[in-house]
Structure formats: structure tokens, C-alpha cells
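Below is one structure, written out as C-alpha cells; the observations come after it.
The values are calculated or read from the model by the stated rules, or taken from the named source; none is laboratory data. On a predicted model such as this, the values are computed, not experimentally measured, just so you know. Don't worry about glycine lacking a Cβ; one is built from the backbone with ideal geometry, like all the others, and counts go over all protein chains shown. All accessible areas refer to the heavy atoms of the entire protein, side chains included, with ligands and DNA or RNA removed. Shrake-Rupley method; radii C 1.70, N 1.55, O 1.52, S 1.80 Å.
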Amino acid sequence: MVKSALIIVDMQNDFLTGSLALKECPAHENGEEIVEVINSLAKMEAWGCLWRILLDWHPADHISFVTNATKFKQHAESAVNTDVAQVYNRVVFDVDNGVRREQVLWPVHCIQGSWGAELHKDLNVVAGSFMIKKGISTSLDSYSAFFDNDGIHETELRKILQTKGIERVFVCGVATDVCVAYTVNDSRKLGFETYIIEDACKGVHHDEIIKSKSTMKLSGVNCITSQEVALALSTEGKIGKTHSKLCH
Ligand code: VGL
Ligand code: ZN
């Protein structure tokens with residue numbers, strides 16, 4: 001049997017009901033609606049897999065917080081000035097004598113050890129799940145389970161998956177167009193057969209959700225629904241396009 005892993009991305013209070021609640025974001029998608037979908041997925045017996053739960057885990061002085069924007073040096077090429085920058089703006093910081101670092105600004109969220117960083121109370125954490133914390137460095141954000149946003153610093157995830165002989169990676173959680181998209185794309189680039197479970201994800205911006213799904217599709221990611229996961233898990237060999245649905 002081909003071994004699979006389920007990666008549950010950032011199902012934390014701040015994204016579901018707290019300071020960065022998706023239902024208040026432009027796409028108005030309600031992250032709480034997928035808690036039970038993910039619980040049902042996690043209960044499936046066919047997995048025989050490795051569970052990964054990803055956590056956004058920021059220090060209070062993190063570079064992604066709009067309230068911290070003026071505390072970091074602005075790069076000369078930044079189109080938006082940090083002293084007037086607002087949530088969702090993309091600014092460019094100068095992190096090291098002229099080295100650019102693009103950063104989207106967010107409300108304060110998922111501060112290490114806070115209620116907002118805790119997993120939603122109704123999310124079932126399956127025994128044996130393994131937590132990966134990301135975004136822990138003050139001046140470097142991290143959206144993907146595999147790499148920091150500089151694409152250089154790698155987490156232990158690829159090694160763990162490879163050591164366990166895992167070939168398929170299924171991704172669900174929030175936000176579709178941010179951390180889910182980065183995780184899915186890196187997984188695919190690293191050569192894992194990669195699935196996004198569409199009805200088990202919620203996102204921030206409607207247009208970005210559509211755009212990120214078509215990018216995924218073009219790169220060979222399989223977009224499936226939670227109903228199709230059992231079939232995908234029981235199918236040997238590459239599923240490829242046969243059982244993948246077009247992303248909406
Ligand atoms: C996320 C914005 C900021 C995410 C994390 O989990 O998608 N989005 N930090
Ligand atoms: Zn974050």
C-alpha cells in the first residue's frame with residue numbers, strides 16, 4: 001500500500017474565531033465549518049499514516065504583524081510606506097543591508113502560548129499526531145510546512161516523510177490561498193504525490209483562492225473532495241488525473 005500523510009494546516013483559534021477569523025476576511029469563508037469535515041477525515045481507518053498538524057507560532061515582535069511594521073527597516077523599493085501600511089498590504093523590508101524581504105501584513109495572530117495559537121477546541125487531535133511550529137523567527141515568516149518564506153530554511157518535514165516511506169501527501173486546513181497553498185506547492189515540488197482536499201480548506205481572498213488552485217492544478221496537484229479521499233487512499237500507484245477533479 002502506498003503510504004500517505006495528512007497535513008492539517010493552522011486550525012487555530014485566531015484563524016477560526018479570533019483576530020484573523022477568516023469569516024471577517026474578504027472572502028468571508030467560515031473556518032469553523034471545516035472542523036467536523038477534518039475530524040471525519042482524521043477518523044478514517046484507511047490512512048495507516050503519519051499525522052502532521054501545522055501551527056502558526058509567532059513571537060510578539062513578529063515581522064508579519066501590521067502593528068510591528070514600523071519597527072523594521074523599510075526597503076527603498078517598498079511600494080507601501082510602513083508607517084501607513086495596513087492589513088493585507090505587501091511591504092518590502094530591508095532585513096540586512098539592502099536585502100529585500102517581501103511581507104504581507106496581518107493582524108496580530110497566533111502568538112506563542114496564547115489562546116489564539118491553540119487548536120480549535122472541537123478539533124480531534126488523533127493520537128500520534130506530530131506538531132510542527134512555523135513562523136517562529138522574528139524577522140522571517142513561514143507559510144509552508146516545508147520551508148520558511150525565503151525558500152532556504154527547511155523544516156524537518158521532508159526528511160521525516162521520506163524516512164517513513166511516505167509518497168502521498170494530503171493537505172487540508174487554513175488558509176487555502178496562504179499556508180495551505182504554500183504547503184501544497186512545496187510538497188509537489190519536492191516530488192510527493194500531492195492532494196488538496198478542497199472542501200476541507202477555507203481561505204482569505206476569493207480571487208487568490210481561485211488563482212492558487214489553478215496554479216496547483218497546473219503543477220500536477222490533485223484537487224479532490226473529502227468524499228474522494230477514501231478512493232484515493234485505496235488506489236495503488238499514481239492516481240494522476242484519473243480521479244482528480246477540476247478545481248472550481
Ligand atoms: C496564515 C496569514 C498569516 C495561514 C498564517 O495560516 O494561512 N495566514 N499567517
Ligand atoms: Zn502567521
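Ignoring any ligand, DNA or RNA, what whole percent of the accessible area of the chain comes from carbon and sulfur when the probe is 1.4 angstrom? Could you put the intermediate results ahead of the total?
On the way: 5850 of 11240 Å².
Here carbon and sulfur together make up 52 percent of the probe-accessible area.
Label residue 206 and residue 122 with points 7 Å out from Cα along Cα→Cβ: what is the distance between them in nm?
2.5
Say each of residue 77 and residue 136 gets a label point 7 Å from the Cα, pointing the same way as Cα to Cβ; how far apart are those two points in nm?
Calculated label separation equals 3.1 nm.
When the Cα centres of the range 175-192 and the range 89-158 are compared, how far apart do they sit, in Å?
Taking the Cα centre of each part, the range 175-192 and the range 89-158 sit 14 Å apart.
How big is the convex hull of the Cα atoms of the chain, per residue, in Å³?
118
Would you mind telling me which residue in 168, 100, 158 has the biggest mean-square fluctuation in a Gaussian network model of the chain, where springs connect alpha carbons within a distance under 10 angstrom?
The residue with the greatest mean-square fluctuation here is 100.
Across the range 143-158, in residue order, what do the Karplus-derived ³J(HN,Hα) couplings come to in whole Hz, using 6.51 cos²θ - 1.76 cosθ + 1.60 with θ = phi - 60° and x for Gly and Pro?
For the range 143-158, the Karplus-derived couplings read 9, 9, 6, 9, 9, 5, 5, 7, x, 10, 6, 9, 7, 7, 4, 4 Hz, x marking Gly and Pro.
What relative contact order, as a whole-number percentage, does the chain give when Cα pairs under 8 Å and 6 or more residues apart are counted? Write down the numbers at each step before the final one.
Working: 517 pairs, mean separation 59.9, N = 248.
It comes to 24 percent, rounded to a whole number.
Specify the residue with the greatest mean-square fluctuation among 28, 153, 120, computed from a Gaussian network of the chain linking alpha-carbon atoms under 10 Å apart.
Comparing 28, 153, 120 in the GNM, the peak value goes to 153.
I need the calculated FRET efficiency for the pair residue 163 and residue 61, taking r as the beta carbon distance and R₀ as 35 Å, to the nearest 0.05.
0.50
Which order do 72, 170 take by accessible area at a 1.4 Å probe, largest first?
Per-residue accessible area, sorted high to low, gives 72, 170.
Can you give the accessible area per residue of the range 66-105, in Å², using a 1.4 Å probe? Working shown, then result.
Values: 2450 Å² over 40 residues.
It amounts to 61 Å² per residue over the range 66-105.
Connecting C-alpha atoms closer than 10 Å in a GNM of the chain, tell me which of 65, 15, 146 has the biggest fluctuation.
In the Gaussian network model the winner is 65.
Can you list residues from other chains, or at least 5 along the same chain, whose modelled amide H is less than 5 Å from the amide H of residue 173?
9, 201, 202
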